[in-house]
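Read the structure below first, then the notes.
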Amino acid sequence: MTLEIGSALTIGLILGTVIGVAAMLIWVERRLLGFWQDRLGPNRVGPFGLFQVVADMIKIFTKEDWTPPFADKFSFVLAPAIIMTVILLSFAVVPFAPNLGIVDSNIGVLFVLAMASLGAYSVMLGGLSSDNKYALLGSLRAAAQMVSYEVFMGISLLGVVALSGSFNLREIVLAQEDMWYVLPQFVGFVIFLIAGVAESHRLPFDIPEAEQEICAGYHTEYSGMKFGMFFVGEYLGLVLISSLITVLFFGGWYGPAFLPPVFWFAIKAFAFIAFFILLRAAIPRPRYDQLMSYGWLFLLPLSLINLLVTGAIILNSQ
Amino acid sequence: MQVAEHNMDSQASSALLQQVRERFAGKILAEQSTCDGIPTVWVDRADAKALLRYLHEETTPHFEMLFDLTAIDERVRVHRDGQPASEFTVVYHLMSFSGNCDVRVKVPLQDADLQLPTVIELWPNANWYERETWDMFGIKFEGHPNLYRIVLPPTWKGHALRKEHPARATEMEPFSLSDEQEAIEQEALLFKPEEWGMKRQSDNSEFMFLNLGPNHPSVHGAFRIALQLDGEILVDAVPDIGYHHRGAEKMGERQSWHTYIPYTDRIDYLGGVMNNLPYVMAVEKMAGIEVPARAKTIRVMLAEMFRICSHLLFYGTFAQDVGQLSPIFYMFVERERIFNIIESICGARMHPGWFRIGGVAQDLPAGWDKRIKELLEFMPPRLDEYDRMVMDNGIVKRRTQGVGSYNTNEALDWGVTGAGLRATGLEWDFRKQRPYSGYENFEFDVPIAVNGDCYDRCAVRVEEMRQSLRIIKQCMENMPAGEVKSDHPLTTPPRRKEGLHDIETLINHFLSVSWGPVVPPEEVTMSIEATKGINSYYLVSDGSTTSYRTRIRTPSFAHLQMIPEISRGFMVPDLIAIIASIDFVMADVDR
């Protein structure tokens, strides 16, 4: 296993871009939602309201960062840091363009899944350490939801892994030069998409933080920058899932030659980000137990069948 | 037209009274006649329960619903000829849906001994009404399981609707809150499950108590529900109201008949002028004012516009409470259009206070029908689109069908009216059954559903919007010509055109404007099919410029009381759907 770690410049560049994009998504999401909901969205600060992000940042940095006296201080502070860290670490294995990326790991897919599992700790710790009943309900829901959906997420990827014969994300992209995996692995793609929404707990699967039911769920007690980290963490998760879909199913940076590869990557990823935002604008939220039974009774068998069929076809064609 | 307006026809009421007289021979203290034609029977408290049980179970027709229960502080009332001596009178207003008639039972009490038996075993919804009567008048109901204050805080001194209780802040000491007092208030707010009739643990698990509200995204105002949870399953849910109480009934006793109109707008604050309607109709009934046809039609038109506005807000928040973010934004487009029309007619949007005793404030502006025509073309296709977006959505169906359902009998037991009642399959709309303000002249259907669950309650309201559009269209096409205010001397403010020619009218105008109209001593109940159910005003006049007693019976109060009944065994998200489907505003509950 060779681990070549990119230069500090590349790391800095990717880190900066990813966090910048996640922050910009605050504005993008609000504008897109506004567009879809027949209203304007933030359009006052700077051209098209673009500096809204700056205003939000100033606000969130200068707000009182209150730790409730009844909370468990250590894990209360630790929780938001975990979500930021694990998602940013996951970006380390994402190949953005032929020579742009931080690590080419042979276990890239597993690494991403492992990081996603660690993300569940953030939500659980955040909820439990808050010592708030709404937060407790939220983290209970989050634990159940994330653990279940990780199962299908993993299985839905195995089809891609079997087709490309590699856990390395870069090699998976390279294997899609002729045909994107979305065609042979359409079912896998759909399951991964659904599981991805559930993992990043956005509407319709924002059950851990369903505001109409349990206020803000696991981050009810958070304020200031600690809340900001959960908030940006959610957008980072969105960028990550969109990037992974691009890498695993939509040929990563491949595209007609008139644009540089990294642009194709960005365009595809952004299309999925916009799709996730559209989902939020369009779909109601199922009940928590409905979501679980949908996962275990429908998605799990479906992903297993998908894996079996894929395996059978590969064996057959060898 | 006056004949068709609901006056309980005298035959039915005398047949009913005959039955009561026979069974309770010698026990009836008096029979009072009121100008609304509702038979009113006085009995001693010893016989009250027997009479109520008789009316509930044996008379033809049965009285299925305890429509209202309240009291009157009679101690300073004049003009009560023929009524038994009484310092406090408890009033039971019963309603029969099978016979489409009402009856009032009054029980006289003396201040030294304010108690009478509870009627919870006859009508479960008596629970909150009796608590409210205790809270407001200090009347005890023997056998009541939890006779605590319901609207005012537990630390409140005195009973607010008694005449000796001050009505204005200026009649009281300036408010201050010392540290000790604050501690006492905080202590009183502390949640103790035992006081709410909850156990802390079952045989195998400890319950979690969750305080939902008074400040929570989905309780639609300041409303608190104490939840007893086993995991996320609701073992019990006890509503706690009163956070929005403003003493609207008390205000009715100090404002003049005319100046109380704007207060009514704020009772169901989504209903706008529709709230004025039962109030002004009640005053007109007592004063004997006949309202011109044009004014009636304007009233109907504006009321139906507010019905659509209110239902649109309900529709949007219902979708939002099951997690659908967008519909409310689309629905606000129509709402805005309707408010623009209302603004161009009334000059205000949500609370125009536009109805007057004897008519409406002004005639319609020139070109009023143009925008309405646009609305009638614009809205139906959008309603169809909302159906596809919300009602046909699989997740919405799965979240709301079979959740929070009740049948017609349960609905009547708990005093449920309006869309919540029609969703159980009972086709009962006040506008059809007892037409008022000229509703008998309109063609419209009464939508019903069969399952009585959250989805059906929403479906009924969605269809009601289409029917309201039909009514508005008929108003627009057939708007009668003529005056918008009656010529009656008690019309307020009076019409001026004769005032400069004869001294009588001028004096009348002067008095009505400076003092306010003097309404003859009477009692009356007027009800309408409001946005959320039956809203009714029970007014007592003792021949003065203000009301002696203003009782506002609101639909939301009754509906909230049913929450524990229909939410046990469901999950927290279901409770949110149930709350959303009830369609209440807290101002309508607490008054």
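Cα centroids of the stretch B:297-354 and the stretch B:183-252: how far apart, whole angstrom?
About 31 Å separates the Cα centre of the stretch B:297-354 from the one of the stretch B:183-252.
Determine ³J(HN,Hα), in whole Hz, for all residues of the stretch B:26-36 in sequence, where each value follows from phi through the Karplus function 6.51 cos²θ - 1.76 cosθ + 1.60 and θ = phi - 60°; x replaces Gly and Pro.
Values per residue, Gly and Pro as x: x, 9, 7, 6, 6, 10, 9, 10, 10, 6, 7 Hz.
Taking every residue in B:571-577, how many Cβ atoms of other protein chains lie within 10 Å of its Cβ, on average?
Per residue, the number of nearby Cβ atoms from other chains is 5 on average.
Using a probe radius of 1.4 Å on heavy atoms only, what accessible surface per residue do you get for the stretch B:10-161? Whole Å² is fine.
Computed with neighbouring chains in place, this is 38 Å² per residue.
Determine the calculated [θ] at 222 nm for the protein assembly as shown from helices alone, applying -39500 (n - 2.57) to every DSSP H run no shorter than 4 residues and normalising by the residue count; nearest 500 deg cm²/dmol.
Only helices count here, giving -15500 deg cm²/dmol.
Considering only the other residues whose Cβ falls under 15 Å of the Cβ of B:Asn275, what net charge follows from Lys and Arg at +1 and Asp and Glu at -1?
My count for the surroundings of B:Asn275 gives +3.
5 Å is the cut-off here: which amide hydrogens, built 1.01 Å from N in the peptide plane, fall below it relative to B:Ile534, excluding neighbours closer than 5 in sequence?
Amide H to amide H, under 5 Å and 5 or more residues apart or across chains, B:Ile534 pairs with B:Thr417, B:Gly418.
Measure nothing but the geometry: give the 0 to 90° angle between the long axis through the Cα atoms of A:300-317 and the longest principal axis through the Cα atoms of chain A, rounded to 10°.
Long axis of A:300-317 versus the principal axis of chain A: about 20 degrees.
Calculate the length of the line joining the C-alpha centroid of the stretch B:491-516 to that of the stretch A:148-177, in whole Å.
Answer, in whole Å: 87.
Using a Förster distance of 35 Å, how high is the FRET efficiency between A:Met179 and A:Thr17, based on the Cβ-Cβ distance and rounded to 0.05?
Approximately 0.75, to the nearest 0.05.
Using the basic label-point model (7 angstrom from Cα toward the beta carbon), what is the B:Glu427 to B:Asn204 distance in nanometres?
4.9 nm
Tell me the label-point distance for the pair A:Asp131, B:Ala481, using the 7 Å Cα-to-Cβ offset, in nm and rounded to one decimal.
It works out to 7.8 nm between the two label points.
Let me check something: with ligands and nucleic acids excluded, how do B:Met350, A:Met292, B:Met305 order by accessible area (1.4 Å probe), largest to smallest?
My answer, sorted largest first, is B:Met350, A:Met292, B:Met305.
List, in order, the whole-Hz ³J(HN,Hα) value for each residue of the stretch B:567-579 obtained from phi through the Karplus relation with A = 6.51, B = -1.76, C = 1.60 and θ = phi - 60°; use x for Gly and Pro.
For the stretch B:567-579, the Karplus-derived couplings read 10, 4, x, 8, 9, 3, x, 5, 4, 5, 5, 5, 4 Hz, x marking Gly and Pro.
So if we plug the beta-carbon distance of B:Ala169 and A:Leu278 into 1/(1 + (r/R0)^6) with R0 = 45 Å, what FRET efficiency do we get, rounded to 0.05?
For B:Ala169 and A:Leu278, the calculated efficiency is 0.30.
Size of the dipole of chain B about the Cα centre, Lys and Arg at +1 and Asp and Glu at -1 on the beta carbon, nothing else charged, in debye to 20?
1060 debye
Please give the average number of partner chain Cβ atoms lying within 10 Å of the Cβ of each residue in B:319-328, rounded to a whole number.
Partner-chain Cβ atoms within 10 Å, mean over residues of B:319-328: 6.
Exceeding 29 Å between C-alpha atoms, which entries from my cross-link table qualify? They are B:Lys370/B:Lys485; B:Lys397/B:Lys532; B:Lys27/B:Lys140; B:Lys199/B:Lys250.
Correct reply: B:Lys199/B:Lys250.
For every other residue with a beta carbon closer than 11 angstrom to the beta carbon of A:Gly228, add +1 if it is Lys or Arg and -1 if Asp or Glu, then tell me the sum.
0
Go through B:Leu506, B:Leu116, A:Leu279 and list them by solvent-accessible area, largest first, probe radius 1.4 Å.
Ranked from most to least accessible, the order is B:Leu506, A:Leu279, B:Leu116.
Heavy atoms of the protein only, probe of 1.4 Å, neighbouring chains included. What is the accessible area of A:Ser200 in Å², nearest 10?
Only protein atoms counted, so the area is about 10 Å².
Using a Gaussian network model of chain A whose springs link C-alpha atoms within less than 10 Å, name the residue from A:Tyr288, A:Tyr235, A:Tyr149 with the highest mean-square fluctuation.
Among A:Tyr288, A:Tyr235, A:Tyr149, the largest GNM mean-square fluctuation belongs to A:Tyr288.
Using a Förster distance of 30 angstrom, determine the FRET efficiency expected from the C-beta separation of B:Asp384 and B:Asn215, and round it to 0.05.
0.25
Which ³J(HN,Hα) values, rounded to whole Hz and listed in residue order, are derived for the stretch B:505-522 from phi using the Karplus coefficients 6.51, -1.76 and 1.60 in 6.51 cos²θ - 1.76 cosθ + 1.60 with θ = phi - 60°, glycine and proline given as x?
5, 5, 4, 4, 4, 4, 5, 4, 7, 7, 8, x, x, 9, 8, x, x, 7
Once you've got the GNM for chain A with C-alpha springs shorter than 10 Å, pick whichever of A:Gly196, A:Gly127, A:Gly228 has the biggest mean-square fluctuation.
Its mean-square fluctuation being the largest, the pick is A:Gly228.
Excluding ligands, DNA and RNA, what is the accessible area buried between chains B and A, summed over both sides, using a 1.4 Å probe, to the nearest 100 Å²?
2500 Å²
Using Cα atoms only, what is the angle between the long axis of helix A:133-164 and the major principal axis of chain A, expressed in degrees (0 to 90) to the nearest 10?
Value to nearest ten degrees: 10.
Among A:Leu174, A:Leu33, A:Leu13, whose mean-square fluctuation peaks in a Gaussian network model of chain A (Cα, cutoff 10 Å)?
Among A:Leu174, A:Leu33, A:Leu13, the largest GNM mean-square fluctuation belongs to A:Leu13.
Quantify how strongly other chains surround peptide A:207-218 by giving the mean number of their Cβ atoms within 10 Å of each of its Cβ atoms.
5
Give me the accessible area of A:Leu140, 1.4 Å probe, in Å² rounded to the nearest 10.
Counting only protein heavy atoms, the figure is 100 Å².
Under a Cβ-Cβ cut-off of 14 Å, what is the net charge of the residues other than A:Glu199 that fall near it, where Lys and Arg count +1 and Asp and Glu count -1?
Overall, the nearby charge balance is -2.
Where does helix A:52-62 land angle-wise versus the long Cα axis of chain A, in degrees 0 to 90, nearest 10?
The angle comes out at about 60 degrees.
Around B:Arg356, which amide H atoms from residues at least 5 apart in sequence, or from another chain, sit under 5 Å from its own amide H, with H modelled in the peptide plane?
B:Ala361
Quote the charge dipole size of the protein assembly as shown about the Cα centre in Debye, to the nearest 20; the model charges only the Cβ of Lys and Arg (+1) and of Asp and Glu (-1).
Charge dipole of the protein assembly as shown: 1520 debye, to the nearest 20.
If you put +1 on each Lys and Arg Cβ and -1 on each Asp and Glu Cβ, how big is the dipole of the stretch A:68-317 around its Cα centre, in Debye rounded to 20?
Using Cβ point charges on Lys, Arg, Asp and Glu, the stretch A:68-317 gives about 160 debye.
Averaged per residue, what accessible surface does the stretch A:68-317 expose to a 1.4 Å probe, in Å²?
Using a 1.4 Å probe on heavy atoms only, each residue of the stretch A:68-317 averages 37 Å².
If you restrict to DSSP beta bridges whose two residues both lie in the protein assembly as shown, what percentage is antiparallel, to the nearest 5?
Expressed as a percentage, antiparallel bridges in the protein assembly as shown total about 90.
Give the residue from B:Phe175, B:Val585, B:Ser468 lying farthest towards the positive end of the charge dipole for chain B; charges sit on Cβ (+1 for Lys and Arg, -1 for Asp and Glu) and the dipole is referred to the Cα centre.
In chain B, that residue is B:Ser468.
Select from the stretch B:254-359 those GluC sites (Glu not before Pro) which occupy a DSSP coil region and have at most 14 other Cβ atoms within 10 Å, ordered by residue number.
Passing sites in the stretch B:254-359 are B:Glu290.
The values are calculated or read from the model by the stated rules, or taken from the named source; none is laboratory data. From a predicted model like this one, the values you see are computed outputs, not experimental measurements. Methodologically, a virtual Cβ is constructed for each residue, glycine included, from the backbone with ideal geometry; neighbour enumeration extends over all protein chains shown. The area values use the complete protein model at the heavy-atom level, side chains included, leaving out ligands, DNA and RNA. Shrake-Rupley method; radii C 1.70, N 1.55, O 1.52, S 1.80 Å.
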